[in-house]
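Just so it is clear, none of the values below were taken in a lab; they were calculated from the coordinates. Owing to the predicted nature of the structure, the values given are computational and were not obtained by experimental measurement. Every residue, glycine as well, gets a Cβ built from its backbone with ideal geometry; the counts of neighbours run over all protein chains shown.
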Amino acid sequence: MPRSTNHEMLAQQLGFLKSSLEAYKDGTDAEALRIATTIRVLVHETTKSNPLLKQIDPNYLDLTILDTPKPGGKTLVLYGIGVSVSTEKGVQPVTDLIDPRLQPVPLRQWWTRPVLVFTDQNGQQVSFSRKDLLLILANKEGGAHVDTEVPPAYEKYVLDSGVPFMVSGVMTDSVHLAQFASVESAVRIIECLERNFPWLNK
């Protein structure tokens with residue numbers, strides 16, 4: 001049996017994202033880890049690994065993806081991690097693209113810009129990009145690997161920090177913001193792939 005082509009593999013990865021997203025919506029929170037791993041396969045480049053998107057388009061980081069503009073002036077900034085409140089499911093990541101602030105930005109900018117910014121006790125900012133959060137989910141929290149240790153700042157601010165925040169006038173409990181970032185990233189990556197590679201829709 002011949003090996004799948006890169007185009008076929010991209011269609012498979014898109015299918016993984018869609019399936020995981022639907023499973024997450026149905027209540028399987030752990031699908032956020034699978035999503036992070038799939039996005040790693042698509043986007044993350046190292047000296048030892050060539051992301052699938054680069055094998056299809058060497059200029060893949062110039063592809064555009066929808067994102068929201070950067071806010072500022074808050075102790076905790078949820079930048080690009082949409083949070084909604086449902087009467088049935090409680091606090092949930094945003095899984096649609098109806099935010100009127102969404103605008104196309106280069107994939108490289110979307111991947112590496114901060115999405116979580118905290119201010120520590122010394123007034124210094126501690127920030128996490130999508131790349132930071134999703135790679136920890138994939139490489140350390142069980143997406144593709146399990147590591148007994150995670151970066152100390154991630155453990156302190158993302159996992160252990162009981163940070164409540166206001167959503168639509170409702171004060172929420174702290175949630176797993178890295179998983180929320182993963183789920184919302186899936187929504188935006190799916191739109192990016194289907195728009196930039198229309199043959200995926202055939």
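The simple spin-label model puts a point 7 Å past each Cα toward its Cβ; for THR46 and GLU8 those points are separated by 2.8 nm. Summarising the label geometry, the points placed 7 Å from Cα in the beta-carbon direction at GLN109 and GLU22 lie 3.4 nm from one another. Less than 5 angstrom separates the built amide H of LEU63 from those of LEU107, all sequence-distant by 5 or more or on a different chain. Residues whose amide H lies under 5 Å from that of VAL126, counting only those 5 or more places away or on a different chain, are PHE118, THR119, ASP120; hydrogens are built 1.01 Å from N in the peptide plane.
Over every Cα atom in the stretch 1-46, the radius of gyration and the widest Cα-Cα span, Dmax, amount to 12.1, 37 Å.
As an exercise, identify the GluC sites (Glu not before Pro) in the stretch 1-70 lying in DSSP coil whose Cβ has no more than 15 other Cβ atoms within 10 Å. Each step should come with its number before you reach the end.
On the way: sites: GLU8, GLU22, GLU31, GLU45; in loops: GLU45.
In loop regions of the stretch 1-70 (DSSP not H, G, I, E or B), the sparsely surrounded GluC sites (Glu not before Pro) are GLU45.
Ignoring aspartates and glutamates fewer than eight residues from LYS202 along the same chain, the ones with Cα atoms less than 18 angstrom from its Cα are GLU8, GLU191, GLU194.
Between ALA153 and LYS202, what FRET efficiency follows from the Cβ-Cβ distance if R0 is 35 Å, with the result rounded to 0.05?
Working: r = 44 Å, r/R0 = 1.26.
After rounding, the FRET efficiency stands at 0.20.
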